[in-house]
1. In the range 183-204, which residues are open to solvent by 10 Å² or more (accessible area, probe 1.4 Å) and within 14 Å of the ligand (Cβ to nearest atom)?
2. Where residues in the range 101-112 are at pLDDT 95 or above and more than 18 Å from the chain's Cα centre (by Cα), which of them is nearest to the ligand (Cβ to nearest atom)?
3. Can you pull out the helices (runs of 4 or more DSSP H) entirely within the range 1-100 that have at least 3 residues that are within 16 Å of the ligand (Cβ to nearest atom)?
4. Of the residues ILE182, ILE143, ILE165, which single one is among the aliphatic types (A, V, I, L, M) and within 22 Å of LYS366 (Cβ to Cβ)?
5. List pairs: first residue in the range 27-39 and farther than 13 Å from THR244 by Cβ, second residue among the basic types (Lys, Arg) anywhere in the structure, Cβ distance under 8 angstrom, at least six positions apart or on different chains.
6. Checking the structure you have, find out if any residue of the range 76-97 is small (Gly, Ala, Ser), surrounded by 23 or more Cβ atoms within 10 Å (Cβ to Cβ) and under 20 Å from SER147 (Cβ atoms).
7. Let me spell it out: the conditions are (1) under 21 Å from the mean Cα position of the chain (by Cα); (2) within 16 Å of the ligand (Cβ to nearest atom); (3) within 25 Å of SER242 (Cβ to Cβ), and ASN130 meets all of them except one. Which number is the exception?
8. For the range 248-257, does any single residue satisfy the condition of being at negative phi, outside any loop (DSSP other than H, G, I, E, B) and not basic (Lys, Arg)?
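The values are calculated or read from the model by the stated rules, or taken from the named source; none is laboratory data. Small disclaimer: the values here were computed from a predicted structure and weren't measured. Ideal geometry is used to build each Cβ from the backbone, glycine not excepted, and the neighbour counts take in all protein chains shown. Surface areas here come from the heavy atoms of the whole protein model, side chains and all, with no ligands, DNA or RNA. Shrake-Rupley method; radii C 1.70, N 1.55, O 1.52, S 1.80 Å.
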Amino acid sequence: MAEMTVTPWEVKGDIDYDKLIKEFGLTPIEDLPTVFQKNILFRRGVVFAHRDIDRILECIKNKKPFAMMTGLMPTGKFHIGHMMLAQQIIFYQSLGAKIYIAVADIEAFHARGQTLEESRQIAINEYITNYIALGLKPKNCEIYFQSNRSDDPKKSNAYYRLQNILAKHATFNEFKAVYGEITPGKMVSSLLQAADMFHPQLKEFEKPIPVLVPVGADQDPHIRLARDICQRTKEYKLIQLSSTYQKFIPGLKGDKMSSSDPTSYIALSDLPGDIDNKIKKYAFSGGRETLEEHRKLGGNPDVDVSFQYLKYIFEDDDKKLKKIYDDYKSGKLLTGELKQILIDKMKLFLREHQKKREDAKKSINKFLK
Ligand code: TRP
């Protein structure tokens, strides 16, 4: 197996989630209340681990306020991997969370050398439009840019003040231990991310309420650092962060899904012809070399990328998914047929979604605070 690297700025190798849980010190997700089980992301194990989720479950149970805070790095096309995080955000909004979303334009500037203006365009046209079309509501939701927190000076000052105060409680060795290689710009980005995660608790925003941060597993170093800083911060009364971790969806070819390689992902702007082409040509198959062999020995749904996409995103019905799994494994269902099931589902979904995107464009301003 290729050695795995999982940091906020690099993910590579074969990801072993049990090992990640151990190395990072996460808690596996189990026994969540029924509302979570109804959601495909939790039921199918996409959300696989957490830290301190109990504090949030208490809020949900007792109808107490809590916030959900996360961020997006605006690079490239919005693809189905990004969509899964958006669906998690929308799920928490439906549970009553106040939603905060940071556009990490400062981080994209430091880590990717992307200008603030480029980030703004990508954030609006790719990310935010798709979030809205997927069902994010403007009520109880704030989306902001790291470079421009708020037009209200009290709020803006509070956010940048927090970042500067938190800096006092981090050490250089800690940065090195958490990130490996670090530059001043990346240091600024991770402190700003800590401010992102804690600022909903300030009096200028909500008040000290529990904050849940749903992220991809690569973001845990940022969260570990922020949690350590929190324990030492005396200047503010802060409640420790809660977080959930999502698996990486495999890319079409079975390795990494990467915004810089269009043949590795399905974008939410892909057209029907792209879907046919990408799935038929690139989607890694768990099928056998020849038809006879496949009929005789069966395929392997566990490594088949089309099956993974159905499992994690497009087939919500457990019975139907099981039938597809069994039929593929027994050899009754051929690779071409499995791919066609996915293609049909995706096309249907994208056709509706792309219509909704047109409306979504009109309401962007209701989300930017
Ligand atoms: N670092 C995140 C990414 O690369 C973006 C981000 C910025 C973020 N601020 C955040 C994530 C706060 C979670 C919470 O995608």
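1. Across the range 183-204, the qualifying residues are GLY185, LYS186, MET187, VAL188, LEU191, GLN193.
2. The qualifying residue nearest to the ligand (Cβ to nearest atom) is ILE106.
3. Answer list for the range 1-100: 80-94.
4. ILE143
5. Close Cβ pairs satisfying both conditions: PRO33/LYS61; GLN37/ARG43.
6. The answer is no; no qualifying residue exists.
7. Result: ASN130 passes all but (3).
8. Within the range 248-257, not a single residue is at negative phi, outside any loop (DSSP other than H, G, I, E, B) and not basic (Lys, Arg).
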